[in-house]
Amino acid sequence: MKSFTRKSIVSTILIGSVVAGSAFTTLPFTMNMNPVASAAANSSFTQFLHENAPGRTIKTSGGLATVTNLSSTVVLVNKKRNLPSTYAPQDLVVPNIPFSFSGSSPKKQMRKVAATAIEKLFAAAKKDGIDLKAVSGYRSYATQKSIFDRNASIKGEAVANKTSARPGQSEHQTGLAMDISSASAGYDLQQSFGNTKEGKWLKANAPKYGFIIRYGKDQEKLTGYSYEPWHVRYVGVYIAGEITSQKLTLEQYLERAK
Ligand SMILES: [Zn+2]
């Protein structure tokens, strides 16, 4: 956490630019900028990706590979890359969006930047007559551990590992992910959500607000997870657009950015 100051500044600049220029679809920093500012912004974007490259953001100790760019919007967490058990984001808030359940709960939370973006996503859905509800956002290491342990005791560890994350390996611990469903899918987190009009709308529109469908269809081998049309992950508008249009996983996108 101590070394993230510089990265945070760069990412704040990037997020600010991208959100401010929501019309960006191809190049991130070329609109409304003079050529010098544009070149500088593009080079800080390249620098940002460079600093967040998978090989540069991992340390292994006692056989456990832990990510080091914890507070980055492109932090890569998967079966090979763990968040520390002690990590909790410092800027969690509850977005002002409809949830599938009532009452307060830690799982309503997201990090500030993702919460602001998901409010815009839900507002756009509503405008299009699409009724989405948020089901589950932030999850602590301890909560993930109890979910995994319960699944493993019911289904066996191998099956549990395909459908739920081990503690430290869940994107929900980053505060950048949200599970979304709809009445038409019974507010369940099932692959059938992807065939509903709400699921189709989400897939088509999430990138405009900075989110990717993190575990895509036919990407199981790359992500380690079954298709999850309900799980969106915030990465920022520009990167979400690139990943989606090029049909990449977050792993592939960051790996290219060495
Ligand atoms: Zn999820």
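When the helix-only estimate is applied to the chain (DSSP H runs of n ≥ 4, each -39,500 (n - 2.57), divided by the residue count), what is the mean residue ellipticity at 222 nm, nearest 500 deg cm²/dmol?
Numbers: 9 runs with 100 residues, N = 258.
Helices in the chain give a 222 nm mean residue ellipticity of -12000 deg cm²/dmol.
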Can you sort PHE45, PHE99 from fewest to most other Cβ atoms within 10 Å of each residue's own Cβ? PHE99, PHE45
To make sure I understand the rule: partners must be aspartates and glutamates, Cα under 20 Å from the Cα of LYS127, and not fewer than 8 residues away in the same chain. Which ones qualify? GLU119, GLU198
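May I ask you to derive the relative contact order of the chain, considering only C-alpha pairs under 8 Å and at least 6 residues apart, and to give it as an integer percent? All intermediate terms of the calculation are to be shown ahead of the outcome.
Working: 434 pairs, mean separation 48.7, N = 258.
After rounding, I find 19 percent.
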Cα-based reach from LYS126 at 24 Å (exclusive), listing lysines while leaving out same-chain residues under 8 positions away: LYS107, LYS108, LYS112, LYS197, LYS200, LYS203, LYS208
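What pairs in LYS80/LYS120; LYS133/LYS258; LYS59/LYS247; LYS221/LYS258 have C-alpha atoms more than 27 Å from each other?
On the way: LYS80/LYS120 32 Å; LYS133/LYS258 37 Å; LYS59/LYS247 29 Å; LYS221/LYS258 22 Å.
Over 27 Å apart, Cα to Cα: LYS80/LYS120; LYS133/LYS258; LYS59/LYS247.
Quickly rank 177-190, 124-137, 145-158, 84-97 as a protection proxy: mean count of other C-beta atoms within 10 Å, highest first. Can you show the working numbers first?
On the way: 177-190: 19.6, 124-137: 17.4, 145-158: 13.6, 84-97: 15.9.
By packing density, highest mean first, the sequence is 177-190, 124-137, 84-97, 145-158.
Computed from the coordinates by the stated procedures, all read-outs in this text should not be read as laboratory data. These numbers come from a predicted model, not from an experiment. Using ideal geometry, Cβ is built from the backbone for each residue, glycine included, and neighbour counts are taken over all protein chains shown.
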